[in-house]
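Novice: Please find one structure pasted underneath; my questions will follow.
The values are calculated or read from the model by the stated rules, or taken from the named source; none is laboratory data. Remember, predicted model here, so these are calculated numbers, not experimental data. A quick note on method: Cβ atoms are made from the backbone with ideal geometry, for glycine too, and the neighbour counts reach across all protein chains shown. Calculation scope for accessible area: heavy atoms of the full protein, side chains included, ligands and nucleic acids excluded. Shrake-Rupley method; radii C 1.70, N 1.55, O 1.52, S 1.80 Å.
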Amino acid sequence: FDTYVTVAKRGKVVRSFDAGFRPPKRGALPAEQGLDWGRKGQNVWATAWAFNERLSRTHISREWFESTHPTFIVKKGALL
């Protein structure tokens, strides 16, 4: 179970830490504030998901994430 969170900007890693523990204060991003990093009973998945939504400004519901999605096969030589 990989619980690491890694943030990159313009291809350079600017932050990386285990979501199950309190991240280092040095280099903290504003989006980390107020989340339950490292608290007893923390839901690591939910904390990391909330952090990702803050950074990406994109909401993906758990229902959508856990549902099936069609796979598309592109024929060789087709333009995308």
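Novice: Cβ-Cβ below 7 Å, separation at least six or inter-chain, first residue in region 25-41 and of a type outside the set (Ser, Thr, Tyr), second open to solvent by 70 Å² or more (accessible area, probe 1.4 Å): which pairs?
Specialist: Sorted first by the residue in region 25-41, then by its partner, the pairs are ALA31/ARG54; ALA31/LEU55; TRP37/PHE21; TRP37/ARG22; GLY38/PHE21; GLY38/ARG22.
Novice: Restricting attention to region 1-31, which residues are on the phi > 0 side of the Ramachandran plot and in contact with a Lys or Arg (Cβ under 7 Å, 6 or more places away or on another chain)?
Specialist: Matches in region 1-31: GLY27 only.
Novice: When residues of region 14-67 are filtered for being in contact with a helix residue (DSSP H, G or I) (Cβ under 6 Å, 6 or more places away or on another chain) and of a type in the set (Gly, Ala, Ser), how many remain?
Specialist: Adding up the residues that qualify gives 3.
Novice: Turning to a different aspect of this structure: Would it be correct to say that VAL13 is open to solvent by 60 Å² or more (accessible area, probe 1.4 Å) and either touching a strand residue (DSSP E or B) at 6+ places or on another chain (Cβ under 8 Å) or of a type outside the set (Gly, Ala, Ser) (or both)?
Specialist: Yes; evaluated as a whole, the condition is true for this residue.
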